[in-house]
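The values are calculated or read from the model by the stated rules, or taken from the named source; none is laboratory data. Note that the structure is predicted; figures quoted are calculated from it, not measured. Cβ sites come from the backbone with ideal geometry, for glycine too, and all protein chains shown count toward neighbours.
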Amino acid sequence: MSASTAKVSRKENSNHDGAEETSEKEQQEAIEHIDEVQNEIDRLNEQASEEILKVEQQFNKLRQPYFQKRSDLIAKIPNFWVTTFVNHPQVSALLGEEDEEALHYLSRVEVTEFEDIKSGYRIDFYFDENPYFENKALSKEFNVNESGDPVSKSTEIKWKAGKDLTKRSAQTPNKAGKKRQHEEPESFFTWFTDHSDAGADELGEVIKDDIWPNPLQYYLDDGDDD
C-alpha cells in the first residue's frame, strides 16, 4: 500500500511539475498580454491628456472676460491685493514690514497662461506711483527653453535711491545704537531676481493656482476664526 501510495505521490508530483511548467508558460503569456493592454491604457491616457489640454485652453479663453470684469471691480477696493497677500499663509510668511508698505501701491495683478498651457505662464503686477521703484509694472514669466528645461525671466526693478528692499541689511541698529539680528524674512521682491529653480517656483505656483482663481476668499479671510 505504501508503494502504491508512493507511486501515486510520484505521479502527483509529475503532474504537479507539468502543471508548473504549463503555469509558467501561461504566466509569461499573461504578462505579455498585460503589457499589450497596458500600452493601450497608456495610449488612452496620453490621448486624454491632450483632450483635457484642449478643453482647458478653450475654457481659459472663455474665462478671460470674467477675469477682466473681476479686475475692474477689484480696482474699486483700496488695498485689495496687499490684503489678499497678507491674509494668505504662504505669501504672508515672505512679507516683511517694508514689503507690505510697498505692496500698498499694488493696484492690479494678472496671471496669463500661454496658449500652450504646458509651456508656461506670466504674472504681472501693476503699481501706482510709489516711493520705492520707478516701474509701473513688474512681471515674472515661466516657460521652457529649447531643451525642454523650465526657465524664468523677470522685469528688472528700477529702485529709487536708498529704497532697494532686496539689499536691506541683515542687521539693523536699535535705538541704543547697538545691532540686533534682523528677524524679518528675505524681501518678497527678491522673488523677481531668483531664477535658480524655475521648475519649482513655489510663490509663482501659489499665485497662479491658489490665489488667482479666487482672490476674494483670501481678501475676506483675516485668519481670525473667532
Exercise for the section: Of the numbered conditions (1) in the same structural domain as Ala198 (by TED's automatic domain parsing); (2) surrounded by 11 or more Cβ atoms within 10 Å (Cβ to Cβ), Gln57 fails exactly one; give the number of that condition. Expected result: (1)
Problem - One residue from Lys136, Lys153, Lys208, Lys160 being touching a Pro at 6+ places or on another chain (Cβ under 8 Å), at pLDDT 95 or above and not acidic (Asp, Glu) - result: Lys160
Exercise for the section: Could you tell me whether Glu110 is under 28 Å from Lys54 (Cα atoms), surrounded by fewer than 16 Cβ atoms within 10 Å (Cβ to Cβ) and in the same structural domain as Trp191 (by TED's automatic domain parsing)? Expected result: yes
Handout entry: Single unsatisfied condition, Leu62 versus (1) modelled with pLDDT of 95 or more; (2) loosely packed, with under 10 Cβ neighbours inside 10 Å; (3) over 30 Å from Phe133 (Cβ atoms)
Key = (1)
Completion exercise
The lone condition Asp99 fails out of (1) crowded, with 17+ Cβ neighbours inside 10 Å; (2) in a loop (DSSP other than H, G, I, E, B); (3) acidic (Asp, Glu) is (2)
